[in-house]
There are 2 protein chains.
Amino acid sequence: MDEGMFLYWGSGSPPCWRIMIALEEKKLQGYQQKMLSFEKMEHKSAEVMAINPRGQLPSFRHGDTILNESFGACLYLENQFKSQGTQLVPDTGDNQALVFQRMHEVLALQEKLGAVIYYTWKVPEDERHDSAMERNKKTLNEELMLWEGYLEKVDPDSHLAGKNFTMADVMLFPQVAYAVHFGLSSDKYPKLMEYYNRLKERPSIQTSWPPHWKESPPTMDVLKDV
Amino acid sequence: MDEGMFLYWGSGSPPCWRIMIALEEKKLQGYQQKMLSFEKMEHKSAEVMAINPRGQLPSFRHGDTILNESFGACLYLENQFKSQGTQLVPDTGDNQALVFQRMHEVLALQEKLGAVIYYTWKVPEDERHDSAMERNKKTLNEELMLWEGYLEKVDPDSHLAGKNFTMADVMLFPQVAYAVHFGLSSDKYPKLMEYYNRLKERPSIQTSWPPHWKESPPTMDVLKDV
C-alpha cells in the first residue's frame, strides 16, 4: 500500500484550508498536493472525479484511503496520528464535548455565509428576490452574533474551545477568514475580528494561507451591510 | 457533577433519531428524555433555549456537558463509551476513513432532501419558482444516485461502510427512512430501499422509531417524481 498523502485543493476554499491546517498541526508536512482552479472547472477534471465522484475540492488520498469530506479527513488525521503534533481533540469528556459541539456548529456558519456570498452565483437571475437576500443577511447576522457571544465568554488568550488550539479552531478559522475576505464588519463583529487577528499569525495558518488572497488583499464588500 | 443524560427531541427529525440510535447502540438506555412538538414551536421554549441558543432539536445534555449537534453528540458518545455496546468507529485506518467519509457525506443528502421536502415551507409564496423546484429535484436525484452506487458495491448482508453497523449507518439510516416516509420511489432507488428494509428491524432503530410515523404510515408523496 502506498502510504503517501495527496491533496487536491483550491485557493480560498475553507474546507480545503481545514485539511491543510490539520496536516500542518499534525506535523504531516511534505505531503504531495496540487492546487486546482475552480474558475477553470478543474475540480470536475478526470483526475479529481477518479477519487471524488462529487467533483469537489478538497479531494484527499492517504495511500489507498480516500477522504474528501473535510470534517472526516481532519478527524481521521487526528485519530491516525494522535500522539504527533498538536492534539486537536481533547481526551477528557467536557473539553472534548465542547470541541465536537463547536466544530459541528461551524457548518451552520458555513451554510449561512454561502447563502449570502454566493446568492447571485447560485440563484439564476430571474429567480432572485431582494426579500430573499435580505432574509439571508438577517439569518447570517443572527448566526454571526451567536459566535460573537461564544467568543465573548472565551479568555482573551484562549481559543474557541478553551486554552488550546483544537479541531474547533481548525474548522472555524478558515470560515472567519473567509468572512473577513468578503468584507465582514469589524465594528459589528469585534470578537470575531479579534479572533481572526489573534490566530492569523499561527504558523499552520500562515503556511497554508490562500495564495490568491495574498496577491489581492480583502477588497470585497459583499458582507459590509450584514 | 450530575452524570445523567437528558435528551430533548422531536418525532421524525433525523438528527434527533441519530442520537437515539447511538444511545441504544452504546447501551445507554434509561436516559431521561422529553419529546417536544415542532408544530407547537416547543423547540423555541425556554427550557430548550437554556441549553441550546439555536432553539433546535436535538438538545442533549450529559451531566453539565451540552451537545446539540447530532454529529458531535454521536462522536462524543462513541469516544466516552468506547468499549460499551457496538463499536461505531473502527480503529483501523481504512475502515475508519470510510466511516468518516460516508457519515459526513450524509450532510449533503440531508441538505438536498430538505431543499425539496421543505421548499414550500421555507420559501415564501411570492419567491417560489417551478424552475427552482425542478433544479432542486434534479440535484436530489443525482445525490440519491450516488448513494445507489455506494450501496451497489456493498455486500448484500453488509452495512454502509463494510461488514458491521457503524456511525455511517447511524447517520444515513434516519435520512433514508425520512426519504421513504416522504415517498421515495422504490423503482428508481432499489438499493436505498433494500438498505432501508434490511436495517429497519434492527433493535436500536425499532426502539427509537418516530412515534408519529407508526400512527401514520408513509402516505406522503413529495418525492414521488424525484
Options B:TYR178, B:TYR150: the member that is under 21 Å from B:VAL89 (Cα atoms), open to solvent by less than 80 Å² (accessible area, probe 1.4 Å) and in contact (Cβ under 8 Å) with a residue 12 or more places away in the chain: B:TYR150
Tell me, please, whether a residue that is among the small types (Gly, Ala, Ser) and closer than 18 Å to A:GLN96 by Cβ can be found in segment B:39-57. no
Identity of the residue in segment A:105-126, of a type in the set (D, E, K, R) and surrounded by 15 or more Cβ atoms within 10 Å (Cβ to Cβ), that ends up farthest from A:MET171 (Cα to Cα): A:LYS112
Does any residue in segment A:46-69 that is in contact (Cβ under 8 Å) with a residue 60 or more places away in the chain come within less than 9 Å, Cβ to Cβ, of a residue that is of a type in the set (Asp, Glu) six or more places away or on a different chain, and which pairs are these? A:GLY63/A:ASP2; A:GLY63/A:GLU3; A:GLY63/B:ASP94; A:ASP64/A:ASP2; A:ASP64/B:ASP94
Restricting to segment A:181-226, count the residues that are aromatic (Phe, Trp, Tyr) and in contact (Cβ under 8 Å) with a residue 40 or more places away in the chain. 4
Would you say B:LEU57 is open to solvent by less than 40 Å² (accessible area, probe 1.4 Å) and at pLDDT 95 or above? yes
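With respect to B:PHE71, is the statement that it is within 25 Å of A:PHE60 (Cα to Cα) and in contact with a Phe, Trp or Tyr (Cβ under 7 Å, 6 or more places away or on another chain) true? Don't jump to the end; show me each part of the working.
Details: within 25 Å of A:PHE60 (Cα to Cα): yes; in contact with a Phe, Trp or Tyr (Cβ under 7 Å, 6 or more places away or on another chain): no.
So B:PHE71 does not fit the description; no.
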Here are some residues: B:VAL89, B:VAL123, B:VAL116. Which one is in contact (Cβ under 8 Å) with a residue 24 or more places away in the chain, facing another protein chain (nearest Cβ under 10 Å) and of a type outside the set (Asp, Glu)? B:VAL89
Would you confirm, using the coordinates I've provided, whether B:GLU105 is assigned to a helix (DSSP H, G or I), facing chain A (nearest Cβ under 9 Å) and modelled with pLDDT of 95 or more? yes
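Of these, A:ASP157, A:ASP94, which one is open to solvent by 50 Å² or more (accessible area, probe 1.4 Å), within 20 Å of B:PRO53 (Cβ to Cβ) and either at pLDDT below 95 or among the basic types (Lys, Arg) (or both)? Please lay out each step first, then the result.
Details: A:ASP157 fails: within 20 Å of B:PRO53 (Cβ to Cβ).
So the residue among A:ASP157, A:ASP94 that is open to solvent by 50 Å² or more (accessible area, probe 1.4 Å), within 20 Å of B:PRO53 (Cβ to Cβ) and either at pLDDT below 95 or among the basic types (Lys, Arg) (or both) is A:ASP94.
Could you check, for segment A:211-224, whether at least one of its residues is open to solvent by less than 10 Å² (accessible area, probe 1.4 Å), modelled with pLDDT under 95 and not in a helix (DSSP H, G or I)? Break it down into steps so the answer makes sense when it comes.
In the first step, residues of segment A:211-224 are kept if they are open to solvent by less than 10 Å² (accessible area, probe 1.4 Å); the result is A:223.
Narrowing further to those that are modelled with pLDDT under 95: A:223.
Remaining after also requiring not in a helix (DSSP H, G or I): A:223.
Checked against the condition, which is being open to solvent by less than 10 Å² (accessible area, probe 1.4 Å), modelled with pLDDT under 95 and not in a helix (DSSP H, G or I), segment A:211-224 yields at least one hit.
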State whether the residues of segment B:8-19 include one that is touching a helix residue (DSSP H, G or I) at 6+ places or on another chain (Cβ under 8 Å) and within 10 Å of chain A (Cβ to nearest Cβ). no
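Only one residue in B:MET103, B:MET35 is touching a Ser or Thr at 6+ places or on another chain (Cβ under 7 Å) and among the hydrophobic types (A, V, I, L, M, F, W, C), so which one is that? Even if it seems obvious, please write down each step before you answer.
Working: B:MET103 fails: touching a Ser or Thr at 6+ places or on another chain (Cβ under 7 Å).
The match here is B:MET35.
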Looking for whichever is surrounded by fewer than 16 Cβ atoms within 10 Å (Cβ to Cβ), among the charged types (D, E, K, R) and within 24 Å of B:PHE173 (Cα to Cα) here; the options are B:LYS40, B:LYS82. Which one fits? B:LYS82
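Hey, can you tell me all the residues within segment B:74-91 that are of a type in the set (Asp, Glu) and modelled with pLDDT of 95 or more? I'd like the intermediate steps shown before the answer.
Step one: filter segment B:74-91 for residues of a type in the set (Asp, Glu), giving B:78, B:91.
B:GLU78 - this is the single residue of segment B:74-91 that is of a type in the set (Asp, Glu) and modelled with pLDDT of 95 or more.
The values are calculated or read from the model by the stated rules, or taken from the named source; none is laboratory data. Values in this document were obtained by computation on a predicted structure and should not be read as measured data. Because the Cβ atoms are built from the backbone with ideal geometry, glycine has one as well, and the counts that use them run over all protein chains shown. Heads up: the accessible areas ignore ligands, DNA and RNA and are worked out on the full protein's heavy atoms, side chains in. Shrake-Rupley method; radii C 1.70, N 1.55, O 1.52, S 1.80 Å.
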